Amino acid sequence: MSGAIAHRHLHPSASRAARVRFAHPSERLFAALLDVHEIEWDYEPVEFTLAWTADGYPSAGFRPDFWLPAQRCFVELTTADQRLVTRKNAKIRRLRELYPDVSLVVVYQRDFLALLARNGLDPLGLRAA
């Protein structure tokens, strides 16, 4: 177990990640890692419009999973199957096209599993997440 995890005294249920309703279990795990490392985060705080109707109303958007205020960047977890990743990558490309000053880090499944392993968590049981 990493030193960062070993020295915490709070029960996991007391963490902020335990009190937020996440869309996917991997998001809860990522938030718990952020909590353990005392990294401030907000969950899905903003949606970026990616397309508009002819009348000017938003018709498509993208809501990154996390905002890390101290790092001034968004984080998007992509742990789904390739079919969904392809669609999400298209949205990410569009976001970068429309909002070039927005910092976005994309964490793909292999990177997420490696992150879990580096923090002493068993990624093998989480591949379906």
Notebook entry, point to check: Hey, any hits in the stretch 3-13 for a residue that's modelled with pLDDT of 90 or more and either outside any loop (DSSP other than H, G, I, E, B) or surrounded by 12 or more Cβ atoms within 10 Å (Cβ to Cβ) (or both)?
Noted result: no
Notebook entry, point to check: Which residues, taken from the stretch 35-90, are surrounded by 14 or more Cβ atoms within 10 Å (Cβ to Cβ), in contact with a strand residue (DSSP E or B) (Cβ under 9 Å, 6 or more places away or on another chain), among the acidic types (Asp, Glu) and within 19 Å of Asn119 (Cβ to Cβ)?
Noted result: Asp65
Check: For Ser59, all conditions in the list (1) outside any loop (DSSP other than H, G, I, E, B); (2) touching a helix residue (DSSP H, G or I) at 6+ places or on another chain (Cβ under 8 Å) hold save one; what is the number of the exception?
Finding: (2)
Notebook entry, point to check: Under 9 Å by Cβ, and 6 or more places apart or on different chains, what pairs join a residue from the stretch 82-99 that is modelled with pLDDT under 90 with one that is assigned to a helix (DSSP H, G or I)?
Noted result: Val85/Gln109
Checklist line | Residue count for the stretch 91-114, restricted to those that are in a helix (DSSP H, G or I) and in contact with a strand residue (DSSP E or B) (Cβ under 8 Å, 6 or more places away or on another chain) | finding: 8
Note to self: Being under 11 Å from Arg16 (Cβ atoms) and touching a Pro at 6+ places or on another chain (Cβ under 9 Å) is the filter here; which residues of the stretch 37-59 pass it?
What the structure shows: Glu40, Trp41, Asp42
Next item on the list: Go through the stretch 22-53 and give me each residue that's at pLDDT 90 or above, touching a Leu at 6+ places or on another chain (Cβ under 8 Å) and assigned to a loop (DSSP other than H, G, I, E, B).
Entry: Ile39, Glu40, Trp41
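The values are calculated or read from the model by the stated rules, or taken from the named source; none is laboratory data. Just so we're clear, the structure is a prediction, and the values are computed from it rather than from any experiment. When we count neighbours, we look across all protein chains shown, and the Cβ atoms used for this are built from the backbone with ideal geometry, even at glycine.
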